[in-house]
Amino acid sequence: MLIHLIAAARPNFMKIAPLYHALKKEDWAQPKIVHTGQHYDVNMSDAFFVDLGLSEPDLHLGVNSNTHAEQTGRVMIAYEKALIEERPDLVIVVGDVNSTVAATLAAVKLGIKVAHLEAGLRSFDRTMPEEINRLVTDTLADLLWTPSADGDENLVREGIPRHKIIRVGNIMIDSLEMLRKDIEKQKVFKELNVIPGEYGVATFHRPANVDNQTVLKELCGILARIAKKIPLIFPVHPRTKKNLENFEMWEMLTDLQGVILVDPLSYIRFMNLVFNCHFVLTDSGGIQEETTYLKIPCLTMRPNTERPITIEQGTNRLCTVDNMEILTEKILSENTPKSSIPEFWDGHTAQRVVESIKNVTAQVS
Ligand code: UD1
């Protein structure tokens, strides 16, 4: 069974790796990695392949950055050619980036089956490009693997037949557990001169937070004030760096006492920083889940989240520029509130996905 695994942007690599390794062990499966090229910097892509034990992609579409329509269209055009040549039995897409929806569209139009891993998540905010990608991908996919019960409920509400929905859990936790020993061995905090438990990690890259000069300026002011109380390590995403430079805020930020700016980090090095920090300030999707799993307080600067379980059961809280500082002070002065780890976030999701493919194949043949 020829299976294409679509990888495109930084958060995708942690989602395909455990599944690729699990499928490689099956004699009936021939997994191939298709990299669309949406992320291309060494520290946004290659470094993750190394950390996650992935070999070079079998196919590289070389699509690169662009506007949404250009990027989506280019992936569709390039991937359609590969699909016609290879005719895979199954295409597996992950997450919610532009390449996810593009590969799905190209495949379903050729009558090739698509499965979506991390299906059913909804922020109910259509101003986010990811929400559009999630809605279209889930409508078209033949098989929907969800991380949590809210995912199942969202899909059922949208009219997706129940037999297409299979709850498999959170694949990111598989990557974390797969590399736990390597993550724990690192001492990145030492290189950055901070003490375990006595620093925060900050990551921001959402267009709503970093493309608008006023919001980004306010955010930097807040980080500066928090950094007076506790050091903040801020790995800067290329989109954020470009905007900080364009808005002439980069120099000011590098001069700030307590704010430690670093280039985007590889998976193992970044997770080592998260494992040892006191709290995280972010607008990322995946980090909300990783901090919930690790029981580390997380403030997410967004008006909503497609991962509500991280708030209901986990350590995540939404925040705004108006209350981020006060909520951080609360984290610093109080004990971490009780939280729990959602069901099936256990490091065995890849195996459940493999079983699901086997079952579906058995039913069809
Ligand atoms: C994309 C995803 C987002 C995900 C994020 C993780 C979409 C719509 N967005 O956002 O859901 O959370 O990846 O990082 O798919 N750039 C580089 N080098 C790279 C990649 C990007 O310099 O390797 C710069 C380019 O200037 C580019 C900008 O970052 O224009 C944005 O990249 P893009 O992939 O369009 O969106 P992200 O903000 O990374």
Residue satisfying condition, being on the phi > 0 side of the Ramachandran plot and surrounded by 22 or more Cβ atoms within 10 Å (Cβ to Cβ), within set G200, G169: G169
Within the stretch 65-118, which residues are within 15 Å of the ligand (Cβ to nearest atom), in a loop (DSSP other than H, G, I, E, B) and surrounded by fewer than 16 Cβ atoms within 10 Å (Cβ to Cβ)? S65, N66, T67
Filtering the stretch 167-214 down to residues that are of a type in the set (A, V, I, L, M) and over 14 Å from H348 (Cα atoms) yields I183, V188, L192, V194, I195, V201, A202, A208, V210
Of the conditions (1) more than 20 Å from A119 (Cβ to Cβ); (2) touching a Pro at 6+ places or on another chain (Cβ under 7 Å), R74 satisfies every one except a single condition; which number is it? (2)
Got at least one residue in the stretch 15-22 being buried (at least 20 other Cβ atoms within 10 Å of the Cβ) and charged (D, E, K, R)? yes
I'd like the full set of residues that are in a helix (DSSP H, G or I) and touching a Leu at 6+ places or on another chain (Cβ under 8 Å), limited to the stretch 241-284. N243, L244, W250, L253, T254, Y267, I268, M271, L273, V274, F275
Matching residues in the stretch 285-311 (assigned to a helix (DSSP H, G or I), within 18 Å of R10 (Cβ to Cβ) and of a type outside the set (V, I, T)) number 4
(1) part of a loop (DSSP other than H, G, I, E, B); (2) within 30 Å of L143 (Cα to Cα); (3) more than 16 Å from the ligand (Cβ to nearest atom): which one isn't true of S339, the others all being true? (2)
Based on this model, can you work out whether N43 counts as among the polar types (S, T, N, Q), crowded, with 21+ Cβ neighbours inside 10 Å and within 16 Å of the ligand (Cβ to nearest atom)? no
Looking only at the stretch 186-219, how many residues end up being in a helix (DSSP H, G or I) and either over 14 Å from V274 (Cα atoms) or out of contact with any helix residue (DSSP H, G or I) (no Cβ under 8 Å at 6 or more places or on another chain) (or both)? 13
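None of the figures in this text is laboratory data; all of them are computed from the coordinates on show. Since the model is a prediction, treat every value here as computed from it, not as a measurement. Ideal geometry is used to build each Cβ from the backbone, glycine not excepted, and the neighbour counts take in all protein chains shown.
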